[in-house]
Each structure stands twice: as C-alpha cells, then as structure tokens.
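Working notes, structure below.
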There are 2 protein chains.
Amino acid sequence: MKKFINKTDDILKESLSGFATAHADLVSLHLEPNFLTRKTKAQNKVAIISGGGSGHEPLHAGYIGNGMLDAACPGHVFTSPTPDQMLAAAESVYADKGILFIVKNYAGDVMNFEMAAEMLPFEHATVLTSDDCAVINSTYTTGRRGVAGTVIVEKCVGSLAESGADLQSCKTLGDKVNQRTASIGVALTSCTVPAAGRPTFDISETELEMGVGIHGEPGRKRESMREADEIVIEMAEAILADFKAKDLSLNQQEALLLVNGFGATPQMELYLIYHAATKLFTAHGITISRALVGNYVTALEMAGASITLCLLDDEIKRHWDSPVHTSALRWGV
Amino acid sequence: MKKFINKTDDILKESLSGFATAHADLVSLHLEPNFLTRKTKAQNKVAIISGGGSGHEPLHAGYIGNGMLDAACPGHVFTSPTPDQMLAAAESVYADKGILFIVKNYAGDVMNFEMAAEMLPFEHATVLTSDDCAVINSTYTTGRRGVAGTVIVEKCVGSLAESGADLQSCKTLGDKVNQRTASIGVALTSCTVPAAGRPTFDISETELEMGVGIHGEPGRKRESMREADEIVIEMAEAILADFKAKDLSLNQQEALLLVNGFGATPQMELYLIYHAATKLFTAHGITISRALVGNYVTALEMAGASITLCLLDDEIKRHWDSPVHTSALRWGV
C-alpha cells in the first residue's frame, strides 16, 4: 500500500486540518467529536447535516456552505460517524427551524443517525438516500445503497432550506429527488482502506465489477472488460429499467446527468462516458439539460465511475440552479 | 490496460465532444483542426491561447472562459498540438489586441507554437512556463519543465487581459508569475498512455519517483517509500532552494500554495499533504494566504501529487482573486 500518509491513526485529523485550513473562508473544524460547520452560522433556517465514512471526498465536507450543507460529520475511512458527532454538530448549527439529516442508506450510518435523532432536543427529520439501482441489499446495506445521487439531494434540499422553507418541506423535497434519481457504478480496480493495508477486493486485468458500491462492495456481476460504449449501454439500461419499475415516464423528460469518478479515472474518460451516456439517454427521448462531470462521490483511489440520472421538474431544476458556494460546488456567487 | 475507451483513435474526439456538450454554456468545440474557444467571443482584448498534449485535464480546456483563456488547442495524449490548430484558434478568437500564447516548456510544444507564431498575421507574444524545479533538461525538455504553475500563469494573465491591458503587459505579468513560481512532483505509480497500452515506467510497491514529470518522465531520484511528512519536507526544500537560487526573499512573504493531484490520489491525501506543506512553509516565515487543492494538472491516472508555491505581490494577488468563470476554476461570478 503506497499512500501519502503518516500514522494510519492520524490520517483523518491531518486531512481534516488541511481541508479546514485551505477553506478557512468557508468552514470551521471542530475536533473530538469531529464535525465541520459553515464558517458563518446561518440564521432562522432548517439546518442541513450530513455525514458518513471518510474516503468519499469531496462528500460531505466539500458541500458545506451557503446553499447546501450546514454541517458534516466525517467518520473514519468507510466507517460511520458516531451519534455524539451528529449531536454536537446539531447543537452547533441549530437555527430555530429544526434539523434535517441527509443519510446514505448504509446500516451503520442509519443506526448512528437514528440514535442521534432520538437524543436530539430539536425538531428533526431524516432523508435517506438510496439511489443505487445496481443491487437491493448489499454488504453494508438493507435495501438500496445511497451513492452519488446524494449530492443532488444535498444541493436541492440545501437550496430550499436557504429560502426559509420548513422542515417538512425540506424532507419532502429530499425524498422526491431521491425517488427521481438512479445511479449505477462500475469498478476497474479496487481501493485500499489504509487501516486494512490491502485491496478491498481482487479484480484481474481483464475484468470489471458492474454495479460496484462506493466501498468496493460487490455489484451485479463480474464481467470481462469491454469497450466504453458497451459498458455505458449496460449502465444506462439499468437506470432506465429502474425508472420504468417506478412508473416514471421518460418521454420528453428533462434530466440532470452526473458522471462521477471514483477517484482514479482521468477526466478524459469521464467525459467520454458522458458523451456515450448522453447519446443513449437522448435516444430514449430524454433531454439532458444539466450536467456534472468529475469526482464528486469517490471511493478512495478506485478506478471506476458511476452514472446518475435525475429526472428534473421545475422545482428540482430551480433548486439545482440556485446559487451555491461550497469548496466542491460553486456557482451563482 | 483497463480504460473507459472505445477505439484508441477516437478517444480524443469522443472526450472533447463530451466536454463540449457538458459545458455548452461556456465553450465551443471546433474539429479538424481541433481547438476549443469561449462560447461567446470576447471583444477588444488580448486573446490568450494555450494548449498541449491531452491527458492533463482539466488543463487546458477546463480553463477556457471569462477571466482566463480564450482558446485551447489539445494534442493527442501527451503529444503536442500542431501549428494549424493554434493558427485556426488564433483566427477564431483574435480580438484586435494581439495573441498571447501560454506554452509549457516541452520541445514539441515550443517548436509547434513557434511555427504557428511565425505564420500568425497578428501581433503576438509567448509566455513559456518552466516552474518545475525538480530537474533541468528532461526527456522532452531543454531547460525546466512547465507543470502545475501554468494554471497560476493562465489565471493571472487571463485576468489582466480581461481588464483590457496590452500584449506586452500580459507577457510581462506571465513571465513574472512564472519566475515567482516553483513546483515539484512525486509519483507513486505510473500512468498508461492509451496508444502505448502499458505503463510508461516501472515502479515497485516500495518506491516513489521524486521530481517526476507530468508525462511520467524521470525525476531527481528513485527513493524508498516513506511517510508523507518526509516526502513533503523533501519537496518543500527543493522549492525553497529554488527561490533562494533566484535571490527571492521568503521572509514575511505571502504565497499561494497549490497541492495538485496527478489523477489517482484521493482528496484525503492531497489535504494531508497541504496540511504538512503549510506547516513547513509557515516555519520558514512564509504566510500561505491563498490555497488550491485538487486535480488541476494531471498525468492521466498517475498516483502522485505536486506542490507549487507562488510568491505573491499585490499585482499577482489581485489577478488571482479576480472573477473567473471556467469549467474547472470558478469564483466571483
């Protein structure tokens, strides 16, 4: 294992310290328990808090800032944060209109956010993201996994909260965006969790893992390596089938297409995937009117990528387009 | 070699098409010869054109837009663009105040941009970037290599050009920023050029390449793998020695610190490097007042990173801070 680290136990603290220093205009770092908040506390709004295991950066700390999250709680690499982190974060950012947790659907995260919610002295609600249509139930999950679509949920809910909406409205929008979003990933290589010191899974030079999770969990099947267009067809068909199963009409539907790198996939390849996916979805009557291409929800240094399609309506579009000022997403300000 | 590609010959066109579609609000793609321009042509300003081999994305096309480049000319992977590309780009973006080429110092790029310059019917000048202090002369270079510092040159010169400055002022600022910028990179793994199909160099699980170039060119030396703090000390000392050799004073000096990922290094590790580098430079009396951390000048899927330090003055600071609206750098708009 070759990584830019010192002691394995110090990775998180050193990395968070670097992040907080580099973005001192945007975020404040709180240690023991670990959480990050906006530099300037927002007033009189629903406070949006997310979190999860580290190793998926820029998720979630990279999305703290005006128009998106109020706080993020980072666990150790691929390990859920603990309830004391969420409680301390909530105490810090509560702004008189309740707390909304945005949680990716993994057993550890769900349990720990639930425990925190039970202890919260504030009105609260939770949006569980479950956009991964690759598999139902998985290594760390009952039900579907929450993956790159979480960024779209955080962006839209963050925008609505910024406008002064109440807790229930934020929860309702988050659930709607999640429902209208489907993702699937593919891995060409494994990642290596520093504390484990060896690759999470074995994969040969001629194979790919279709439907992989963002921790290297198994997907739908192991396949032989093939051309990008063929890989993208398989991914797009999984997404289209998922919307069909949900009875969501695709004809003349406007959509946001997110092509997300898992960590080690060059931008050239991500844009090539975007090109192939756009052609395919367009052929199915979908208009891709919003795009996001890059490393937004990673799996350490895994080579691979995911495709996420979010079916837009006027409300989702308005909240996606609204100004956002975070270290990882910024426009309109 | 596992990559998201179809035919090797089609990578560039498919990837550029995806980029141009995803950022259709910002850029226009022109094919045969290949170049990209701003969507909306700027008026009455020095036109800033850069380019070079592909595989370093977001460099250069990701920096097209208001406040930065007017056009970019992408060659094949790690291969210089040809003069017809630069000529066509110049014809397209010329806006009555001359053409400034920003060129990374590699023999092929220098030759082809020079040939284009000789044929240009417009007033023109060239800024050669050579910020890599790792080695003098290299596989593809006479003199020092131009690497991640090129982004800082493009940002500052782009800002000055946007303000209506003349060609000579833009050239002078570009040369100054280059002179006050030093970089050094380190590789943990090689990259694989698609057309070659195998890693550019061999490196074992216990080694690193100190001073590597952004095409995988050899650096200063092959070393045994070590802790991040030790790696960063060696890199920082090379940078400090370079400024000392240039007689640039560092005491109470304000600086921009860019920690750049080569493609496969997780953000967690880049921020850990940023943390270590900030401590070191601060101990040498330098104040890090501007930060950039992420994948800005990559080497395909190489695991590794570079550190760039730019010594700020009021002029450079003003142009770094000014609004920019490109797909890869955006603030103030």
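Out of the range B:123-144, which residues are of a type in the set (D, E) and either in a loop (DSSP other than H, G, I, E, B) or on the phi > 0 side of the Ramachandran plot (or both)? Once the filter is applied, which keeps residues that are of a type in the set (D, E) and either in a loop (DSSP other than H, G, I, E, B) or on the phi > 0 side of the Ramachandran plot (or both), the range B:123-144 yields B:E123, B:D131.
Taken together, A:T79, A:T129 contain a single residue that is buried (at least 23 other Cβ atoms within 10 Å of the Cβ), in contact (Cβ under 8 Å) with a residue 24 or more places away in the chain and hydroxyl-bearing (S, T, Y), which is A:T129.
Among the conditions (1) of a type outside the set (F, W, Y); (2) surrounded by 17 or more Cβ atoms within 10 Å (Cβ to Cβ); (3) out of contact with any Pro (no Cβ under 7 Å at 6 or more places or on another chain), the only one that B:G263 does not satisfy is (3). Looking across the range B:307-325 at every residue that is within 12 Å of another protein chain (Cβ to nearest Cβ) and in contact with a Leu (Cβ under 8 Å, 6 or more places away or on another chain), the one that is nearest to A:H325 (Cα to Cα) is identified as B:H325. Could you please let me know if B:F122 is over 25 Å from B:I307 (Cα atoms), buried (at least 17 other Cβ atoms within 10 Å of the Cβ) and not assigned by TED's automatic domain parsing to the domain that holds B:G185? No; evaluated as a whole, the condition is false for this residue. Residues satisfying the criterion are present in the range A:178-196 (criterion: part of a helix (DSSP H, G or I), in contact with a Gly (Cβ under 8 Å, 6 or more places away or on another chain) and surrounded by 24 or more Cβ atoms within 10 Å (Cβ to Cβ)). Restricting B:D84, B:D109 to residues that are outside any strand (DSSP E or B), touching a strand residue (DSSP E or B) at 6+ places or on another chain (Cβ under 6 Å) and more than 25 Å from B:W320 (Cα to Cα) narrows the list to B:D109. Could you tell me whether A:E162 is outside the structural domain of A:T326 (by TED's automatic domain parsing), touching a Lys or Arg at 6+ places or on another chain (Cβ under 7 Å), surrounded by fewer than 22 Cβ atoms within 10 Å (Cβ to Cβ) and not aliphatic (A, V, I, L, M)? For A:E162, the condition - outside the structural domain of A:T326 (by TED's automatic domain parsing), touching a Lys or Arg at 6+ places or on another chain (Cβ under 7 Å), surrounded by fewer than 22 Cβ atoms within 10 Å (Cβ to Cβ) and not aliphatic (A, V, I, L, M) - is met. Answer yes if at least one residue in the range A:237-249 is surrounded by fewer than 23 Cβ atoms within 10 Å (Cβ to Cβ), in contact with a strand residue (DSSP E or B) (Cβ under 7 Å, 6 or more places away or on another chain) and hydroxyl-bearing (S, T, Y), and no otherwise. Looking for residues that are surrounded by fewer than 23 Cβ atoms within 10 Å (Cβ to Cβ), in contact with a strand residue (DSSP E or B) (Cβ under 7 Å, 6 or more places away or on another chain) and hydroxyl-bearing (S, T, Y), one finds none in the range A:237-249, hence no. The set of residues in the range A:267-306 that are under 24 Å from A:T129 (Cα atoms), assigned to a loop (DSSP other than H, G, I, E, B) and either facing chain B (nearest Cβ under 7 Å) or of a type outside the set (S, T, Y) (or both) comprises A:I286, A:N295, A:V297, A:T298, A:A299, A:L300, A:E301, A:A303. Filtering the range A:206-252 to residues that are within 14 Å of chain B (Cβ to nearest Cβ) and either assigned to a loop (DSSP other than H, G, I, E, B) or at pLDDT below 95 (or both) leaves A:T206, A:V212, A:I214, A:H215, A:G216, A:M225, A:R226, A:E227. Note on the range A:29-59: among residues that are β-branched (V, I, T) and outside any loop (DSSP other than H, G, I, E, B), the one that is farthest from A:A299 (Cα to Cα) is A:V46. For the range B:285-333, taking the residues that are in contact (Cβ under 8 Å) with a residue 24 or more places away in the chain and of a type in the set (F, W, Y), the one that is surrounded by the most Cβ atoms within 10 Å (Cβ to Cβ) is identified as B:Y296. Does A:A24 satisfy the criteria of being over 19 Å from the mean Cα position of the chain (by Cα), over 19 Å from A:M302 (Cα atoms) and of a type in the set (A, V, I, L, M)? For A:A24, the condition - over 19 Å from the mean Cα position of the chain (by Cα), over 19 Å from A:M302 (Cα atoms) and of a type in the set (A, V, I, L, M) - is met.
Take the residues of the range A:55-76 that are surrounded by fewer than 23 Cβ atoms within 10 Å (Cβ to Cβ) and either under 23 Å from A:V193 (Cβ atoms) or within 15 Å of the chain's Cα centre (by Cα) (or both): which is nearest to the other protein chains (Cβ to nearest Cβ)? Restricting to residues being surrounded by fewer than 23 Cβ atoms within 10 Å (Cβ to Cβ) and either under 23 Å from A:V193 (Cβ atoms) or within 15 Å of the chain's Cα centre (by Cα) (or both), the top hit is A:P58. Filter the range A:118-142 for residues that are within 16 Å of the chain's Cα centre (by Cα) and at pLDDT 95 or above and give the result. Hits for the range A:118-142 are A:T126, A:V127, A:L128, A:T129, A:S130, A:D131, A:D132, A:C133, A:A134. Residues of the range B:10-51 that are more than 8 Å from chain A (Cβ to nearest Cβ) and of a type in the set (D, E, K, R): B:D10, B:K13, B:D25, B:E32, B:R38, B:K39, B:K41, B:K45. Screening A:V110, A:V27 for residues that are at pLDDT 95 or above and either among the charged types (D, E, K, R) or touching a Ser or Thr at 6+ places or on another chain (Cβ under 8 Å) (or both) leaves exactly one candidate, A:V27. Every condition in (1) surrounded by fewer than 24 Cβ atoms within 10 Å (Cβ to Cβ); (2) within 18 Å of B:R144 (Cα to Cα) is met by B:E227 except one, and the failing one is (2).
The test for being within 16 Å of A:G174 (Cα to Cα), touching a Gly at 6+ places or on another chain (Cβ under 9 Å) and not in a helix (DSSP H, G or I) holds for A:F101. Selection of the range A:307-318 for residues being part of a loop (DSSP other than H, G, I, E, B) and among the acidic types (D, E) yields only A:D313.
The values are calculated or read from the model by the stated rules, or taken from the named source; none is laboratory data. Keep in mind that what you see is a predicted model, and the values were worked out from it rather than measured. With ideal geometry, Cβ positions are generated from the backbone for all residues, glycine too; neighbour counts draw on all protein chains shown.
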